Amino acid sequence: MSSEIKYNWGKDFVLIDLGNRIETRIRILFWAEFLFTYGMASIFLLQSLPLGKHWMHWSTGLGAAILYLLAAYRFLSRMYFREKILIEKDHLTLLQQTFLRRKVQHYDWKYVGPLHYVGKDSKTDHPLKGKNFDYFGFETHEHLIQNLHQDGSLYFNYEGFPVRFAKGVYSWHAEEIVRMMKLYMGDVLQLGAEWAYMMQEHEWDDNLNN
């Protein structure tokens, strides 16, 4: 499961493969949830044995089976989540793929609004942030929850409705993606006002490094 962003240039399209962009600590959380649910299901299964004629045994066994399936489905769907962006002259296509499901959405460029960078959704700082007595790591925990439920770093409005995508993409990756899209689409690709500042800041950093 690679996190490298790949650009495939075809004759009439550009395919951007965002790969699998799940952070290591988020993967650990997914593993923890899977093992916890698996353990609970095992307890229910043991409680249901031996399966007799009593309906409680069969109900507990059925509940255990459902928990096993739920744990496996959620774990595999999250761990194997991938995104691709297909750019063509007339359409923008977003592809999201999990272990069992593939979602494809087509958008006509004529109705696609300016592309914006959201990044990490803003959050309220925890009262214990920066305090020496934040022993339980509430601030770190809140950042983890934020990363876990992030919807996507890029968005545009399509016929009045927001469309978010590019989950786990940071600003420097987003700039690279936009440059590639701009190379192919030219002025057809509209950008939000924040991109001028972001690109300027990146170029300024490059000049300082040189």
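The values are calculated or read from the model by the stated rules, or taken from the named source; none is laboratory data. In this text, all values refer to a predicted model and were calculated from it rather than measured experimentally. Every residue, glycine among them, receives a Cβ derived from its backbone with ideal geometry; neighbour counts consider all protein chains shown. All accessible areas refer to the heavy atoms of the entire protein, side chains included, with ligands and DNA or RNA removed. Shrake-Rupley method; radii C 1.70, N 1.55, O 1.52, S 1.80 Å.
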### Message
Only one of Tyr73, Tyr38, Tyr111, Tyr80 is touching a helix residue (DSSP H, G or I) at 6+ places or on another chain (Cβ under 9 Å), of a type in the set (Ser, Thr, Tyr) and open to solvent by 50 Å² or more (accessible area, probe 1.4 Å). Can you tell me which?
### Response
Tyr38
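Evaluate the following for Val178: is it at pLDDT 70 or above and not in a helix (DSSP H, G or I)?
Working: at pLDDT 70 or above: yes; not in a helix (DSSP H, G or I): no.
Considered against the rule, which asks whether it is at pLDDT 70 or above and not in a helix (DSSP H, G or I), Val178 comes out as no.
Return yes or no: is Ala65 within 15 Å of Tyr38 (Cβ to Cβ), small (Gly, Ala, Ser) and open to solvent by less than 30 Å² (accessible area, probe 1.4 Å)? So that I can check it myself, show each step before the final result.
Working: within 15 Å of Tyr38 (Cβ to Cβ): yes; small (Gly, Ala, Ser): yes; open to solvent by less than 30 Å² (accessible area, probe 1.4 Å): no.
Judged against the criteria, Ala65 is not a match.
To keep it simple, each residue is scored yes or no on (1) of a type in the set (S, T, N, Q); (2) farther than 20 Å from Arg101 by Cβ.
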site	(1), (2)
Trp9	no, yes
Phe13	no, yes
Ile26	no, no
Thr37	yes, no
His57	no, yes
Leu67	no, yes
Leu70	no, no
### Query
Does Leu208 satisfy the criteria of being at pLDDT 90 or above, open to solvent by 70 Å² or more (accessible area, probe 1.4 Å) and more than 19 Å from Val118 (Cβ to Cβ)?
no
